[in-house]
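Following this message is one structure expressed as structure tokens.
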Amino acid sequence: MTFQNGFLWGGATAANQCEGAWNIDGKGASICDHNRAGSLTKQRVFDREILEDEYYPSHTAIDFYHHYKEDIALFGEMGFKVFRISIAWSRIFPNGDDAEPNEAGLAFYDKVFAECLKHGIEPLVTLSHFEIPYNLVKKYNGFSDRRVVDFFVRYATTVMERYKDKVTYWLTFNEVNFATLPFGALNVLGMLDDRTEDIFNPVDNKQERFQALHNVFVASAKTVVEGHKINQDFQIGCMIAHATSYPLTPNPEDVLLTQRWDNHFNNFCGDVQVKGEYPYFIKQYFAENDIDIHFEEGDKDILKRGTVDFYSFSYYMTNCISAESGKEMTMGNLVGGVKNPYLKSSEWGWQIDPVGLRYTLNKLYDRYQVPLMIVENGLGAEDTMNETGEIIDDYRIDYLRDHVIAMSDAIDDGVELMGYTMWGCIDLISAGTGEMKKRYGFIYVDRDNEGKGTLARCKKKSFDWYKEVIATNGKSV
Ligand code: BGP
């Protein structure tokens with residue numbers, strides 16, 4: 001086991017999935033605050049107007065807003081070196097386009113970061129984790145309007161200036177590559193066509209969506225450039241949802257299709273953000289789909305100057321690609337694909353592939369030659385408490401152990417890996433389903449799908465396991 005000294009072990013969360021306090025101390029509504037838990041579909045329902053008396057998971061979540069001291073103390077007890085959180089943009093600029101930031105929102109994160117540092121934990125901050133202020137969606141159709149780039153950069157530089165002595169590690173846009181698929185339009189780009197009824201299957205305009213994604217690239221690059229002016233020691237990364245794909249068979253048609261898919265979903269956004277220019281292969285896709293990206297003067301230059309310092313990604317699963325139609329699709333897999341007969345799946349149908357993590361780390365390091373960081377990985381499972389009040393989550397330990405071993409193998413292969421933040425280190429609301437019962441944490445939170453429960457925190461068996469992993473710098477797994 002060869003994790004370097006100073007390896008950043010820790011956990012990850014996002015504001016909308018844990019903070020709650022959705023309208024407290026001047027916070028405005030974000031898109032997540034309009035997502036209602038749908039009891040019939042078990043999916044989230046998007047309301048354009050928030051309905052009184054309905055349950056919206058993000059409105060209360062696990063109330064990290066009032067429990068942050070207790071939660072960060074538990075992370076400190078586990079020995080976390082880093083804690084990934086996101087800042088809720090609408091806590092700082094409630095409407096996104098306000099003239100002045102909301103001081104109460106800024107003050108909240110002052111306290112959170114001070115608490116992290118007190119416990120020897122470095123904050124890693126995502127600036128935009130699927131939580132764009134709703135006003136920017138309504139009034140501007142999100143990043144399809146170029147003015148939103150300036151609103152974002154103003155927000156980003158406001159928080160970077162404020163926390164420059166407390167935060168060194170930053171990520172610009174969470175899983176930005178979801179915008180290459182229609183269902184990423186709302187959560188990454190803040191775009192919502194008035195005719196859309198199902199936000200997972202929105203009315204889509206590719207030209208507009210890819211132009212909005214271009215605007216996001218520009219916003220990210222400007223943030224990197226401005227961030228380095230604020231503090232030259234800042235380490236600013238991109239964040240990609242990486243779902244490595246394998247050809248289902250050695251049939252060259254499968255191999256070719258896999259390469260095309262991999263380029264489109266996994267490589268395109270990372271290439272722009274790490275290399276500072278659009279990769280050659282996207283031109284073909286744009287030509288096939290009548291997409292013509294408008295570059296404003298200076299865009300080319302800013303993309304080149306605003307390349308990221310490191311590449312971060314989420315890794316939960318891999319999938320297979322087949323040129324033959326009618327193959328069995330993986331159930332619940334985030335990005336679709338065909339079932340891999342060699343892999344087991346989680347309760348939610350996500351295919352578990354630790355060996356694929358070693359493969360992916362090598363592939364990414366070869367492509368980018370910049371430090372890598374895994375900022376999401378974990379197992380969503382339905383945990384139950386036994387008669388003596390314990391949660392014996394051996395299945396989670398098994399999942400994590402296999403992925404830690406894969407990381408150490410990749411490091412032995414020569415990959416430069418900075419750190420690992422396990423997703424949902426404390427139970428929180430699921431992004432995909434709005435459920436509480438899909439739990440990832442080392443720490444259990446007493447809350448159910450309807451928002452009922454005492455909110456009491458309780459350590460699971462995996463808590464002590466991870467504590468030992470960190471204490472031995474990965475030697476004991
Ligand atoms: C990623 C998101 C996270 C997170 C995770 C697990 O896509 O960045 O916010 O929630 O997926 O997904 P889920 O909550 O749907 O299990």
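When you go through Asp254, Asp233, Asp262 one by one, which is the residue that is without any contact (Cβ under 8 Å) to a residue 60 or more places away in the chain and of a type in the set (Asp, Glu)?
Numbers: Asp254 fails: without any contact (Cβ under 8 Å) to a residue 60 or more places away in the chain; Asp233 fails: without any contact (Cβ under 8 Å) to a residue 60 or more places away in the chain.
Testing whether each residue is without any contact (Cβ under 8 Å) to a residue 60 or more places away in the chain and of a type in the set (Asp, Glu) leaves just Asp262.
If you go through region 35-46 one residue at a time, do you hit one that is in a strand (DSSP E or B) and among the β-branched types (Val, Ile, Thr)? Spell out the reasoning first.
Initial filter on region 35-46 (in a strand (DSSP E or B)): 35-37, 44-46.
Narrowing the set further to residues that are among the β-branched types (Val, Ile, Thr) leaves 45.
There is at least one residue in region 35-46 that is in a strand (DSSP E or B) and among the β-branched types (Val, Ile, Thr).
Another question about this same structure. For Asp409, only one of the following conditions fails: (1) modelled with pLDDT under 95; (2) within 29 Å of Lys363 (Cβ to Cβ); (3) among the charged types (D, E, K, R). What is its number?
Failed condition: (1).
Just one of Arg447, Arg401, Arg396 is more than 16 Å from the ligand (Cβ to nearest atom) and out of contact with any strand residue (DSSP E or B) (no Cβ under 6 Å at 6 or more places or on another chain); which is it? Walk me through it before giving the result.
Details: Arg447 fails: more than 16 Å from the ligand (Cβ to nearest atom); Arg396 fails: more than 16 Å from the ligand (Cβ to nearest atom).
On inspection, the qualifying residue turns out to be Arg401.
Now, a different point. Take the residues in region 427-461 that are of a type in the set (Ser, Thr, Tyr) and in a loop (DSSP other than H, G, I, E, B), then tell me which one is surrounded by the fewest Cβ atoms within 10 Å (Cβ to Cβ). Write out each step before concluding.
At the first step, the residues of region 427-461 found to be of a type in the set (Ser, Thr, Tyr) are 430, 433, 440, 444, 454.
In the following step, the residues that additionally are in a loop (DSSP other than H, G, I, E, B) were identified as 430, 433, 440, 454.
Numbers: Ser430: 21, Thr433: 20, Tyr440: 24, Thr454: 8.
Among those that are of a type in the set (Ser, Thr, Tyr) and in a loop (DSSP other than H, G, I, E, B), it is Thr454.
All but one of (1) touching a strand residue (DSSP E or B) at 6+ places or on another chain (Cβ under 9 Å); (2) buried (at least 19 other Cβ atoms within 10 Å of the Cβ) hold for Lys327, so report the exception by its number.
(2)
For the subset of region 414-426 comprising residues that are part of a loop (DSSP other than H, G, I, E, B) and not aliphatic (A, V, I, L, M), which member is farthest from the ligand (Cβ to nearest atom)? Outline the logic, then answer.
Filtering region 414-426 down to residues part of a loop (DSSP other than H, G, I, E, B) leaves 414-416, 424-425.
Imposing the further condition that a residue be not aliphatic (A, V, I, L, M) reduces the set to 414, 416, 424-425.
Numbers: Gly414: 28, Glu416: 23, Gly424: 7, Cys425: 12 Å.
Among those residues, the one meeting the criterion is Gly414.
Listed residues Phe178, Phe173; which is farther than 15 Å from Val224 by Cα and among the aromatic types (Phe, Trp, Tyr)? Lay out the reasoning, then the answer.
Numbers: Phe173 fails: farther than 15 Å from Val224 by Cα.
The unique qualifying residue is Phe178.
Which condition number in (1) crowded, with 23+ Cβ neighbours inside 10 Å; (2) over 21 Å from Asn449 (Cα atoms) is the one that Ile31 fails?
All conditions are met except number (2).
So, of the residues in region 354-393 that are within 16 Å of the ligand (Cβ to nearest atom) and of a type in the set (Gly, Ala, Ser), which turns out to be nearest to Ile85 (Cα to Cα)?
Gly378
I'm trying to understand the selection: among the residues of region 152-181, which are within 17 Å of Leu213 (Cβ to Cβ), away from the ligand (no atom under 16 Å from the Cβ) and surrounded by fewer than 23 Cβ atoms within 10 Å (Cβ to Cβ)?
The one that is within 17 Å of Leu213 (Cβ to Cβ), away from the ligand (no atom under 16 Å from the Cβ) and surrounded by fewer than 23 Cβ atoms within 10 Å (Cβ to Cβ): Val153.
Which helices (runs of 4 or more DSSP H) does region 224-327 wholly contain that include 2 or more residues that are basic (Lys, Arg)? Before the answer, list the steps.
Details: elements: 252-261, 268-275, 280-288, 299-305.
In region 224-327, the matching helices (runs of 4 or more DSSP H) lie at 299-305.
The values are calculated or read from the model by the stated rules, or taken from the named source; none is laboratory data. Here the structure is a predicted model, which means the values were calculated and not measured. Ideal geometry is used to build each Cβ from the backbone, glycine not excepted, and the neighbour counts take in all protein chains shown.
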